[in-house]
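Novice: Pasting a structure here, questions to come.
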Amino acid sequence: MCGIVGIFHEQNAGIKTKTALKTIQNRGKDACGLTDGKQIIHKKTINELPFLKTENCLGHILHAVINKIPHPLQETNNSSILVANCEIYNWQELNKKYSFQAKNDAELMLKFFNKFSLSKLSELNGVYAFAYWQGNILTLTRDLLGERPLWYTRNRDCFAFASEKKALEKLNYLDIQELNPRQILIYNQTSHQLTFQTKDFFSCLPEHQESFEKIKTKTQLLLDQAIEKRLTVQKCGLLFSGGIDSTYLAHYFQSKNLPFTCYTAVLDLSHSTTIPSDLIYARKVAQELNLNLKIKKIKLSQIPKYIKKIVPLIEDSNVTKVGVALTFFLACELAKKDGCKVIYSGLGSEEIFAGYERHKNSSNINQECLSGLLKIYERDLYRDDVLTMHNQLELRLPFLDKTLIEYALKIPAHYKINASHSKLILREIALKKNIPTEFALRKKTAAQYGSRLDYAIEKLAKQHQFPTKSSYLKTFYPSHNLKLGLLFSGGKDSLYAGYIMKQQNYDLTCLITIKSQNPSSYMFHTPNINLTTLQAQAMDLPLIIQETTGEKEVELKELEQALKKAQHQHHIEGIITGAVFSTYQRNRIEKIADKLGLKIFSPLWHKSQEQEMHELLQHKFKIILSSIAAEGLDKTWLNKILTASDIKKLQILQQKYQLNINGEGGEYESFVLDCPLFNQEIIIKETKIIEENKNTALVQITLAELTPKNTSK
């Protein structure tokens, strides 16, 4: 891993590039360099670099694993320049195939692009983020999953990019975006225009038709090859929890006589009878397999100083991210102290082999795996990259190997999950390799829970009298995590999803309503959709309304237009959906959002219906049913405030008629009169009930107004 920076059409670009490199200097200590497109300067340290007087500049800091060759790179008799943060596993194979005589993977990339441009980008098997400067065209892209980070910004006058967001923030740039891994960004220096090309993602169809034994054998081969191609002669470590993923990696390393150390970090509970489960299993596995294990125990009193360092580092105060980051960072500190250059993690196994609870609850497990992989760059990869790079470690993730993923996504779901186990195929492979049954079948425990560091954050929040973990962590990173637009219907699910994300310190920037002319739209809520304007006023948020005819699939084009407007007008970085179980709806929204480079958040996904309904009342959501269309419901359910008693009635109806308690199947639609996001409450003045039959009816709200909230309640 390395660090790359570029600034174009900016006065003092050379000075600013050097400043940006200093901000992320832990990404590379082996060498550094600058270029203005005419001269290339390499030095040992950033301080030795001159301040180039130029309006266009590329910068690089090197973390060398394969041969120490400083960047920027340029071939003799060729004006093209490359700065890259890369690990290309098949570089020697390509070197031989095309007779390039490159000395390492980065040199191979430059020669490769000079010969083929980006037409054969898919031939590169590895992880990367790079900038390729040729004439007046600058091209940026990253690997398909986003293991290597890349951020950019453009205003009227300049364009800039960097490996980490904080480098651009240091220079006071605004509207900084993370480049979507499925996009190629092309910047034209002459016209100052950005264009994007889309790269194809993985597919989960068609599923493999071979027997379980044949699929198991092939999966084992691909997994072992994925690990093998990532092996290094450098001193290395393994992030170790005693779970199946890290245990499999440890077992493989040991079979190859690779010198490595396992690192585990947990909360110090020496004054308690509770022992973190990761500590129990890490010790057990290490003893059974004769592994070199080092453990970092941290006291509760020490954690705030680490949070103070970690939260700005990952640029995020999300509770889950911080809990995992604490575990990760503490283990990496040990590895750095030991002089490791490379560290391995089992990240990715849960997504390709279906290890999360949401996979168990899904009606399409492989589609759920695919969805998780789309989001992994925002959820996990950037966090893990900056944490390892801060400790001068290169992170390697064998389970996210491209060839392995392509195969694993097409493994039939019943080979991944059964009544007893998730990640079934991986556990079967582990047993075949004589990994003890207790370890091969150990149930998944998330790092923040297995280490007890989530418990520590909760305890600290209570000690400091914060109502939630999120509100406590926000004090370490007052900035909002990301600017998000809410796909907004006016109903309970979209508003509750928005509320959850706001509680997690995300910036709810605008509302996006699709107004369909088709009352039977497959995608969009229609009853009283005109009143989203009033709800937007209640929240003091801008509202984008997009009209659509509601024709199936065609209406998705109107959704895309609305999201583009939100990007242009409000600079959103992602969208929130209120999807709970509708795979049809969520998959289509995800596809459009990813195409536009937007991150996707569905905080209600696979939440228990009963739990969601009770949580809504606990958080003082005032909800009415605006339409009903199911046996067991009639017009008496319309236009009355939903109560705990009503939820009990819905539970009875669920048992009798199999309807969804939360209306996810279209049994009813809802309208929110008040919630914690509202600064004013909506009062309904006039309504009209339209009854189609006994079990199908809707209420038209013909007059409603805002009124100040009764704060005395």
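The values are calculated or read from the model by the stated rules, or taken from the named source; none is laboratory data. If you're wondering where the values come from, they're calculated on a predicted model, not measured in any experiment. Cβ atoms come from the backbone with ideal geometry, glycine included; neighbour counts cover every protein chain shown.
Novice: I'm trying to understand the selection: among the residues of region 626-652, which are among the hydrophobic types (A, V, I, L, M, F, W, C) and surrounded by fewer than 17 Cβ atoms within 10 Å (Cβ to Cβ)?
Specialist: Passing the criteria: ILE641, ALA644, ILE652.
Novice: With respect to the numbered conditions (1) buried (at least 21 other Cβ atoms within 10 Å of the Cβ); (2) free of Cβ contacts under 8 Å to residues at least 40 places away in the same chain, which one is the sole condition not fulfilled by TYR506?
Specialist: Going through (1) buried (at least 21 other Cβ atoms within 10 Å of the Cβ); (2) free of Cβ contacts under 8 Å to residues at least 40 places away in the same chain one by one, TYR506 breaks only (2).
Novice: Just to be sure before I move on: is GLY237 small (Gly, Ala, Ser) and on the phi > 0 side of the Ramachandran plot in the structure I sent?
Specialist: Judged against the criteria, GLY237 is not a match.
Novice: Checking LYS444 against (1) charged (D, E, K, R); (2) modelled with pLDDT under 95; (3) not assigned by TED's automatic domain parsing to the domain that holds LEU289: exactly one of these is not met. Which one?
Specialist: (3)
Novice: Pick out, from region 364-432, the helices (runs of 4 or more DSSP H) lying fully within it that include 1 or more residues that are of a type outside the set (A, V, I, L, M, F, W, C) and without any contact (Cβ under 8 Å) to a residue 24 or more places away in the chain.
Specialist: 365-376
Novice: Residues in region 133-151: is at least one farther than 19 Å from MET1 by Cα, in contact (Cβ under 8 Å) with a residue 40 or more places away in the chain and assigned to a loop (DSSP other than H, G, I, E, B)?
Specialist: For region 133-151, residues farther than 19 Å from MET1 by Cα, in contact (Cβ under 8 Å) with a residue 40 or more places away in the chain and assigned to a loop (DSSP other than H, G, I, E, B): present.
Novice: May I pose another question? I'd like to verify a number: residues in region 8-43 that are under 25 Å from THR76 (Cα atoms), among the polar types (S, T, N, Q) and assigned to a helix (DSSP H, G or I), how many?
Specialist: 1
Novice: Has region 107-125 got at least one residue that is surrounded by fewer than 19 Cβ atoms within 10 Å (Cβ to Cβ), more than 21 Å from the chain's Cα centre (by Cα), in a strand (DSSP E or B) and not basic (Lys, Arg)?
Specialist: no
Novice: Looking at region 592-640, which of its residues are in a helix (DSSP H, G or I), of a type outside the set (Gly, Ala, Ser) and closer than 19 Å to PHE581 by Cα?
Specialist: ILE592, GLN609, GLU610, GLN611, GLU612, MET613, HIS614, GLU615, LEU616
Novice: What pairs come up if the first residue lies in region 21-45 and is surrounded by fewer than 17 Cβ atoms within 10 Å (Cβ to Cβ), the second is of a type in the set (Phe, Trp, Tyr), and their beta carbons are under 8 Å apart, counting only those six or more places apart or on different chains?
Specialist: Cβ pairs passing all conditions: none.
Novice: Would you say ALA538 is in a helix (DSSP H, G or I), hydrophobic (A, V, I, L, M, F, W, C), within 22 Å of ASP594 (Cα to Cα) and modelled with pLDDT of 90 or more?
Specialist: In short, no.
Novice: Of the residues that sit in region 210-253 and are at pLDDT below 95 and among the polar types (S, T, N, Q), which one is surrounded by the fewest Cβ atoms within 10 Å (Cβ to Cβ)?
Specialist: Of everything passing the filter in region 210-253, GLN234 is surrounded by the fewest Cβ atoms within 10 Å (Cβ to Cβ).
Novice: So, one more: If only one of THR437, THR445 is surrounded by fewer than 14 Cβ atoms within 10 Å (Cβ to Cβ) and either in contact (Cβ under 8 Å) with a residue 12 or more places away in the chain or out of contact with any Ser or Thr (no Cβ under 7 Å at 6 or more places or on another chain) (or both), which one is it? Outline the logic, then answer.
Specialist: Numbers: THR445 fails: surrounded by fewer than 14 Cβ atoms within 10 Å (Cβ to Cβ).
The conditions single out THR437.
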